[in-house]
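Chemist: To start, I am sharing the structure in question, which I have written as structure tokens.
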Amino acid sequence: MKNLNYLRKKLPLTVELRSDHVLIIDQTKLPGKLKFLKLKKYPDAISAIKEMQVRGAQAIGAVGAGGIFLAGYSYKKNNASDFYKYLQKIAKEIIKARPTAVNLAWGVKTILADLEITSVLKMKAEIKHRYKNILEQGVGHNLKIGEYGNTLIKSGMTILTHCNAGSLSAIWFGTATAPIFQALMKGKNIKVRLDETRPWLQGSRLTAWEMERTGIDYTINIDSAVGYLMSHGLVDMVIVGADHIASNGDTANKIGTYPLALMAHEWKIPFYVAAVSATIDFSIKTGALIKIEERSGDEILRDIRYKYQPVSPQGAKSFNPIFDITPHKLITGIITEYGISKSDALNLIKGRV
Ligand code: MRU
């Protein structure tokens, strides 16, 4: 039977607290190898985020908070105020590792929020306690997203997703995949289509790995096949994740999400965003204020699967923004741990976050 135990066996935790370190799945090795990486010091957390060994909004938030835990754990002096200042300095450093996903700053700020300056020992214990909570609650929220999202899915449906907003992008269970896993556990007969997601191939490397391991019927297409798929009736619903959602519902997600939403609108296909409420940034009004990360052009000009062999002429120019903003009017609804909200009515959950 495909229940939570089954999924837990098939999909290891992406981020886990062990006694003196944080254990993550090294996503750069997938799908070829399932390799775990021990983060022992806070710079390990920063480098894992920068090098994309961990990626995905909730997962980098969890590793960012883990960086604070690690910085605290290895702190050797006894002055509580100095300890507090040290943690604030590390927090700034961690937040800079990647600019778009609001969850990174959220994780780091949440673990330090209103931390009382008592003694170093007590503060360390409090930080560990908070870290455990962040990890547990993150999974709990994703399970809730699964329950709400599953109500939208009927047996026989084909769901398309973009990038990896799966278990690997989260602490576990994922956000866009949560309704899919829940539908699987309910015995619904569903098919999943995966955009390969250039240039990092999070769809064909990572989401496909999750679908393969859990036994979900999946098919990979290139990103630009979406017009064909939708115009031929091959997609019933789209569910994507999010890295940063503005108060008005405008959503930053992996590059290619915006054209996908436009195409879904053209073909009247429901387009849902699934994300934990920590991804909503009530401090900004619209998506125009979201900082979009640009990465090295080598990710386009070279083949990331084959040791960065060139695939373009030497001297070619490239431009590699890795997120785009989908305007809220193209989003049918946003699925959070609180339920399914109209994308322009997020203020209804503001008071609950
Ligand atoms: O660059 P990444 O892989 O960290 O990008 C983030 C994402 O995985 C996606 O945009 C995803 O759809 C949302 S993360 C839950």
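Chemist: Any idea how many residues of the stretch 38-52 are buried (at least 18 other Cβ atoms within 10 Å of the Cβ) and away from the ligand (no atom under 16 Å from the Cβ)?
Modeler: 3
Chemist: Among residues belonging to the stretch 199-229 that are among the hydroxyl-bearing types (Ser, Thr, Tyr) and not in a helix (DSSP H, G or I), point out the one that is nearest to the ligand (Cβ to nearest atom).
Modeler: TYR218
Chemist: List every residue pair whose Cβ atoms lie under 9 Å apart, where the two residues are 6 or more positions apart in sequence or sit on different chains, the first residue falls within the stretch 258-280 and is over 18 Å from ASP236 (Cα atoms) and in a strand (DSSP E or B), and the second residue, located anywhere, is away from the ligand (no atom under 12 Å from the Cβ) and of a type in the set (Ser, Thr, Tyr).
Modeler: Cβ pairs passing all conditions: ILE280/SER247; ILE280/THR336.
Chemist: Would you check if there is a residue in the stretch 256-278 being of a type in the set (D, E, K, R) and either at pLDDT below 95 or within 16 Å of the ligand (Cβ to nearest atom) (or both)? Talk me through it step by step, then tell me what you get.
Modeler: Quick first cut of the stretch 256-278, residues of a type in the set (D, E, K, R) only: 266, 268.
Now narrow it down to the ones that are either at pLDDT below 95 or within 16 Å of the ligand (Cβ to nearest atom) (or both): none.
Checked against the condition, which is being of a type in the set (D, E, K, R) and either at pLDDT below 95 or within 16 Å of the ligand (Cβ to nearest atom) (or both), the stretch 256-278 yields no hits at all.
Chemist: Can I ask one more? With LYS77, LYS40, LYS89, LYS96 as the choices, which residue is touching a His at 6+ places or on another chain (Cβ under 9 Å) and more than 27 Å from ALA178 (Cβ to Cβ)?
Modeler: Of LYS77, LYS40, LYS89, LYS96, the one residue that is touching a His at 6+ places or on another chain (Cβ under 9 Å) and more than 27 Å from ALA178 (Cβ to Cβ) is LYS40.
Chemist: OK, next. Working carefully through the options ALA91, ALA57, find the one that is small (Gly, Ala, Ser) and either at pLDDT below 95 or within 20 Å of GLY174 (Cα to Cα) (or both).
Modeler: The unique qualifying residue is ALA57.
Chemist: Only one of (1) more than 21 Å from ALA59 (Cβ to Cβ); (2) assigned to a loop (DSSP other than H, G, I, E, B); (3) in contact (Cβ under 8 Å) with a residue 12 or more places away in the chain is not met by ASP114, so which one is it?
Modeler: Unmet for ASP114, out of (1) more than 21 Å from ALA59 (Cβ to Cβ); (2) assigned to a loop (DSSP other than H, G, I, E, B); (3) in contact (Cβ under 8 Å) with a residue 12 or more places away in the chain: (3).
Chemist: Now for a separate question. Can you work out which of the residues in the stretch 172-198 that are in contact with a Gly (Cβ under 9 Å, 6 or more places away or on another chain) and assigned to a strand (DSSP E or B) is nearest to the ligand (Cβ to nearest atom)?
Modeler: Selected residue: ASP195.
The values are calculated or read from the model by the stated rules, or taken from the named source; none is laboratory data. This structure is a prediction, so every number in the text was calculated from the model and none was measured. Glycine also receives a Cβ, built like all others from the backbone with ideal geometry; neighbour counts cover every protein chain displayed.
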